[in-house]
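> First the structure, which I've put down as structure tokens, then a few questions once you've had a look.
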Amino acid sequence: MAATLLLALGLRLVGTRQVENGVYVDEAAIGYNAKSLLETGSDEYGQAGPLALRSFGDYKSPLLSYISIPLVSVFGEVVGVRLNSVTLGTMTVGIIYILAGPMAGLGMAILPWHVNLSGHGIEAVTATFLMAVWLVAVKNKKWRTAFVAVFLSIWAYHATKYLSPMLLLVTWWQMRHEGGHLSKGWTILMLVAASLTLLVMVQPFNNARALGVGKQESVVSLTRNVSAAYTSYFSPGSLISGDWQKRNNVYGVENMWWWQIILAYVGLIGLLKTGKWRKEIPLLSLWLLAPLPAAAAIDPFHAIRALIMTVPWMILVGIGWKKITDLPAGRQGLRLKILVIAVACFQTFILWERLTVQNPVYSYQEWIGGYSQLVDQTMKLRIKGIDQVIVDTTDEPAIYSLWQVLGKVDTNKKIPLWGNGYYQVTKWKGPESLVLGNGMEVIFKPVYWPEDQKKTNTVYVGSKKRFDADALKRAGAEVLFEVKDFQGNVVWMGVKTK
Amino acid sequence: MDYTRVMAKLWLGVAGSMWLLAFGFQMIVASRQAETVGEVHWMVDNQRIYNRKGFAGWTGRAVANKWVVGFETSVQKATETVDPNILFYIGHPNERGGVIEQRYLPWWLIPFWLVGALFAGKRESGLVLLASAWAMVAGTAGVAMYPMAAVYGWLIVRGIGYIWQKK
């Protein structure tokens with residue numbers, strides 16, 4: 001087990017410190033809010049103890065920010081929130097090892113889907129950990145732990161807001177079925193917690209991300225699209241090819257290894273054929289229900305939204321492995337074990353290379369690579385003689401969080417609240433400007449060069465795509481700095497008008 | 001062991017061997033494609049130029065070569081032969097680039113297919129396995145998806161049959 005955990009930890013730690021290779025806006029927002037909660041007791045808007053992080057209208061689940069506070073205080077916003085995910089990801093591997101044996105643990109340790117995402121500050125990693133805790137608690141009849149894990153998971157991620165209430169019912173059913181019970185005090189506590197949670201969860205701000213789902217479709221078209229999306233989470237083709245977004249996959253490897261898919265389906269068929277599925281209702285419920293919220297969003301296979309599925313998939317791998325190794329006895333069984341372990345070792349080696357070499361190059365732009373250099377260069381500018389510093393928001397509209405983190409914005413400087421209140425759902429909107437740690441004020445707006453070139457003594461920073469070399473020359477603008485990717489292509493730049 | 005079981009096992013063995021041959025052939029074809037060669041060059045360049053430490057020598061070649069890339073492409077193709085999204089939803093929502101997807105089975109029959117797979121899989125598992133194995137051989141060898149569509153269609157009919165009998 002120690003070797004499996006070390007392997008899991010090693011693979012998940014790769015790249016967590018390489019901030020220059022890219023930080024995504026969501027992990028920056030979670031990290032900055034954790035720092036703000038630590039230093040001021042309130043989030044970036046000054047809201048004390050937020051029930052959801054407004055985050056410019058995204059209404060992120062708050063649990064990850066709260067639990068990241070200790071590591072953020074030691075390692076900073078980005079690395080702290082990433083290390084939190086690494087820790088929870090590795091602990092998830094340990095739980096799966098305990099639940100379904102060494103092959104399931106090893107499978108989770110080297111699962112590219114989970115390895116990639118648990119190296120980053122992503123809410124779904126916390127939810128996946130809590131689902132693993134829930135499953136192990138239900139299996140061991142630790143009903144109180146199971147209920148607490150499900151309640152916490154409601155605050156962990158958008159998908160679990162809808163999934164966990166269903167799992168609460170599963171827990172209750174399983175507890176009654178197994179002859180378990182909660183004490184009177186705990187039952188009252190659970191009912192109060194359930195009522196309060198329900199009261200918060202039905203509020204529009206908690207469903208802001210889901211309100212637009214399927215609005216412009218007929219019932220038949222909606223049913224077809226949702227069922228197609230749902231089916232894709234069980235389809236070997238989608239499980240192997242993964243997500244359409246580069247940052248959600250590891251370059252050049254399967255999202256779920258081919259032998260894991262085979263073993264998982266062998267495990268499932270084994271459960272169904274032997275009738276043992278009756279003992280695995282919680283596992284099968286999680287497996288069947290986990291992709292529902294992701295499927296309702298209709299988008300193609302989404303690795304983050306369905307990350308919870310990795311838990312039941314890997315447990316099925318463990319069950320399938322037991323089924324297969326039970327069949328051939330003696331030498332044949334040993335040969336089979338050696339073969340699978342050899343394949344897993346080689347795949348680990350491939351995964352390591354892809355994570356350290358290919359992935360940083362392949363998904364450089366999607367992880368907004370090089371932006372830390374852009375912010376550094378901007379902060380080094382001598383403000384004298386410059387009227388304004390304008391940051392382009394055309395390509396990355398949610399870029400404010402990166403400026404808050406990389407620009408070392410003081411957490412005491414809160415963002416003014418627009419609209420009717422913190423929890424009042426309004427149109428997605430970022431701040432118009434931020435004062436960076438060195439006192440420089442940056443203004444956020446989409447840059448339109450034919451108009452913007454007319455402003456004198458103004459610095460524009462943003463994507464190379466906004467600044468055509470000929471247009472810059474004609475306007476007499478000066479290129480102040482450029483940030484290049486691994487291949488030497490300019491991706492970000494700063495220019496100053498006459 | 002009765003004669004039928006022996007014959008079923010024999011045909012399954014033959015199908016398995018044929019599938020391995022078809023997969024091997026796919027791998028050879030994939031490894032020689034221009035896209036594969038280009039991808040390998042790109043990966044080796046990344047190892048040598050952008051990340052000089054660790055993977056520049058034989059270790060790098062062991063994980064970035066035409067066989068590894070060809071294998072990944074072939075695994076992808078092999079899994080497509082059983083993909084319910086391709087068979088029921090014209091590839092939606094993961095439409096494949098450069099492929100004109102076609103309709104094999106109507107999507108609303110998927111519940112009957114599931115019932116059929118559950119019941120037929122339990123009572124006639126040998127037959128399902130054998131038919132699927134041969135359909136996979138055909139799919140992996142590139143003979144379109146019709147054989148697998150026929151197996152899925154058969155499961156749909158069985159599913160409807162079981163539901164009817166239950167009534």
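Values in this text are rule-based calculations from the coordinates and carry no lab data. Here the structure is a predicted model, which means the values were calculated and not measured. Don't worry about glycine lacking a Cβ; one is built from the backbone with ideal geometry, like all the others, and counts go over all protein chains shown.
> Residue farthest toward the positive end of the dipole of the protein assembly as shown, with Cβ of Lys/Arg at +1 and Asp/Glu at -1: which of A:Leu71, A:Ala228, B:Ile163?
After comparing all options, I get B:Ile163.
> OK, next. Report, by chain and number, residues whose modeled amide H sits under 5 Å from the one on A:Ile390, excluding near sequence neighbours (fewer than 5 apart, same chain).
A:Ile443, A:Val459, A:Tyr460, A:Val461
> Still on this structure: Angle between the Cα long axis of helix A:123-139 and the longest principal axis of chain A, 0 to 90 degrees, nearest 10?
So the helix axis and the longest Cα principal axis differ by about 20 degrees.
> While we're on this one: On a full-extension model of 0.36 nm per residue, what is the gain between A:Thr223 and A:Ala48, subtracting their alpha-carbon distance, rounded to one decimal in nm?
Values: separation 175, 0.36 × 175 = 63.00 nm, distance 4.10 nm.
Additional length available on full extension: 58.9 nm.
> What distance in nm separates the simple spin-label points at A:Ile98 and A:Val479, each placed 7 Å from Cα in the Cβ direction?
Distance between the two pseudo-spin positions: 5.7 nm.
> Taking other Cβ within 10 Å of each residue's Cβ, how do A:Thr458, A:Thr145 sort, fewest first?
Working: A:Thr458 19, A:Thr145 15.
Starting with the residue having the fewest Cβ neighbours, the order is A:Thr145, A:Thr458.
> Right, something else. Might you report the magnitude of the Cβ-based charge dipole of the range A:371-496 about its Cα centre, with Lys and Arg at +1 and Asp and Glu at -1, to the nearest 20 debye? Present the calculation step by step, with values, prior to reporting the outcome.
Working: 18 positive and 15 negative charges, 42 e Å.
With Lys and Arg at +1 and Asp and Glu at -1, about 200 debye.
> How far, in degrees from 0 to 90, does helix B:66-80 lean away from the longest principal axis of the Cα atoms of chain B, to the nearest 10?
That works out to roughly 20 degrees.
> On to the next question. Within 10 Å of each residue's Cβ, count the other Cβ atoms and sort B:Ser74, A:Ser36 from fewest upward.
Working: B:Ser74 21, A:Ser36 28.
Least crowded to most crowded, the residues run B:Ser74, A:Ser36.
> Treat every Asp and Glu Cβ in the protein assembly as shown as -1 and every Lys and Arg Cβ as +1, leave all other atoms uncharged, and give the resulting dipole magnitude about the Cα centre to the nearest 20 debye. Don't skip to the end; give the middle numbers.
Details: 64 positive and 43 negative charges, 319 e Å.
The dipole of the protein assembly as shown has a size of about 1540 debye.
> Shape call for the range B:83-167 from the C-alpha gyration tensor, a ≥ b ≥ c root eigenvalues: rounded (a/c under 1.5), prolate (a/b greater than b/c) or oblate?
Working: a/c = 2.93, a/b = 1.48, b/c = 1.98.
In terms of gyration-tensor shape, oblate.
> To continue, here is another question. Using unit Cβ charges (K, R positive; D, E negative) and no other charged atoms, how large, in debye to the nearest 20, is the dipole of the range B:83-167 about its Cα centre?
On the way: 7 positive and 4 negative charges, 84 e Å.
Computed charge dipole of the range B:83-167: roughly 400 debye.
> A further question on this structure: In the neighborhood of A:Trp258, defined by Cβ-to-Cβ distances under 15 Å, what is the net charge if each Lys or Arg adds +1 and each Asp or Glu adds -1? Before the final figure, lay out each step's value.
On the way: positive: B:Lys77; negative: A:Glu254, B:Glu72, B:Glu80, B:Asp83.
Result for the neighbourhood of A:Trp258: -3.
> Return, ordered by residue number, the residues of the range A:468-498 whose backbone nitrogen is under 16 Å from a label point located 7 Å along Cα→Cβ of B:Ile49.
A:484-491
> Just to confirm a number: summing +1 for Lys and Arg and -1 for Asp and Glu over residues other than B:Gly38 whose beta-carbon lies under 15 angstrom from that of B:Gly38, what do you get?
Working: positive: B:Arg32, B:Lys66; negative: B:Glu35, B:Glu39, B:Asp45, B:Glu72.
Charge balance near B:Gly38 sits at -2.
> To continue, here is another question. Report the calculated FRET efficiency for B:Ile163 and A:Leu199 (r = Cβ-Cβ distance, R0 = 41 Å), to the nearest 0.05.
Working: r = 42 Å, r/R0 = 1.02.
E(calc), rounded to 0.05, equals 0.45.
> R0 = 35 Å: FRET efficiency of A:Glu20 with A:Ile298, Cβ-based, nearest 0.05? Could you put the intermediate results ahead of the total?
Numbers: r = 35 Å, r/R0 = 1.01.
FRET efficiency, A:Glu20 to A:Ile298: 0.50.
> So, one more: Name the residue farthest towards the positive end of the dipole of chain B from the options B:Gly91, B:Trp154, B:Val115, assuming +1 on Cβ of Lys and Arg, -1 on Cβ of Asp and Glu, about the Cα centre.
B:Val115
> How about the range B:24-98: which GluC sites (Glu not before Pro) there lie in a loop by DSSP and see at most 16 other Cβ atoms within 10 Å? Intermediate results must be reported in sequence, preceding the final value.
Details: sites: B:Glu35, B:Glu39, B:Glu72, B:Glu80, B:Glu95; in loops: B:Glu95.
Loop-located and lightly packed - B:Glu95.
> Taking neighbour Cβ counts within 10 Å as the exposure measure, how do A:Thr128, A:Thr160, A:Thr197 sort from fewest upward? Please list the in-between numbers first.
Values: A:Thr128 31, A:Thr160 27, A:Thr197 18.
By the 10 Å Cβ count, ascending: A:Thr197, A:Thr160, A:Thr128.
> Once phi is turned into ³J(HN,Hα) by the Karplus curve 6.51 cos²θ - 1.76 cosθ + 1.60 with θ = phi - 60°, what whole-Hz value does each residue of the range A:87-94 show in order, with x for glycine and proline?
4, 5, x, 5, 5, 4, 4, x
> Show me, for the range A:453-469, the HN-Hα J-couplings you get by feeding each phi into the Karplus relation (A = 6.51, B = -1.76, C = 1.60, θ = phi - 60°), rounded to Hz, glycine and proline as x.
Values per residue, Gly and Pro as x: 5, 6, 6, 8, 6, 10, 9, 10, 10, x, 5, 4, 4, 7, 10, 6, 4 Hz.
> A further question on this structure: Would you calculate the separation in nanometres between label points at A:Lys337 and B:Trp11, each defined as 7 Å from the Cα along the Cα-to-beta-carbon direction?
Each label point is offset 7 Å from its Cα along the Cβ direction, giving 3.6 nm.
> Cut-off 10 angstrom, C-alpha nodes, Gaussian network model of chain B. Which of B:Thr36, B:Thr79, B:Thr59 fluctuates the most?
B:Thr59
> Compute the distance from the alpha-carbon center of the range B:136-156 to that of the range A:361-379, in whole Å.
Spelled out, the Cα-based centre of one part sits 47 Å from the other.
> Sticking with this structure for a sec: Round to the nearest 10 and give me the degree value, 0 to 90, for the angle of helix A:258-274's Cα axis relative to the longest principal axis of chain A.
Roughly 40 degrees, rounded to the nearest 10.
> Do any trypsin sites (Lys or Arg not before Pro) in the range B:12-54 lie in a DSSP loop with no more than 14 other beta carbon atoms within 10 Å, and if so, which?
On the way: sites: B:Arg32, B:Arg48, B:Arg52, B:Lys53; in loops: B:Arg52, B:Lys53.
Answer by residue number: B:Arg52, B:Lys53.
> Here's something else I'd like to know. Assuming a ≥ b ≥ c are the square roots of the Cα gyration tensor eigenvalues, decide whether chain A counts as rounded (a/c under 1.5), prolate (otherwise, with a/b larger than b/c) or oblate. Intermediate values should be presented prior to the final figure.
On the way: a/c = 2.15, a/b = 1.56, b/c = 1.38.
Prolate, because a/c is 1.5 or more and a/b exceeds b/c.
> Send over the semi-axes of the range A:36-147's equivalent ellipsoid, whole angstrom and largest first, taken as the square roots of 5 times the C-alpha gyration tensor eigenvalues.
Working: eigenvalues 164, 56, 26 Å².
Three semi-axes, in Å: 29, 17, 11.
> Explain nothing, just compute: Karplus ³J(HN,Hα) = 6.51 cos²θ - 1.76 cosθ + 1.60, θ = phi - 60°, for every residue of the range B:116-122 in order, whole Hz, x for Gly and Pro.
My calculation for the range B:116-122 gives x, 5, 5, 6, 5, x, 7 Hz in order.
> Among residues other than A:Gly267 whose Cβ falls under 15 Å from its Cβ, what is the net charge (Lys/Arg +1, Asp/Glu -1)?
Taking every other residue near A:Gly267 into account, the sum is +3.
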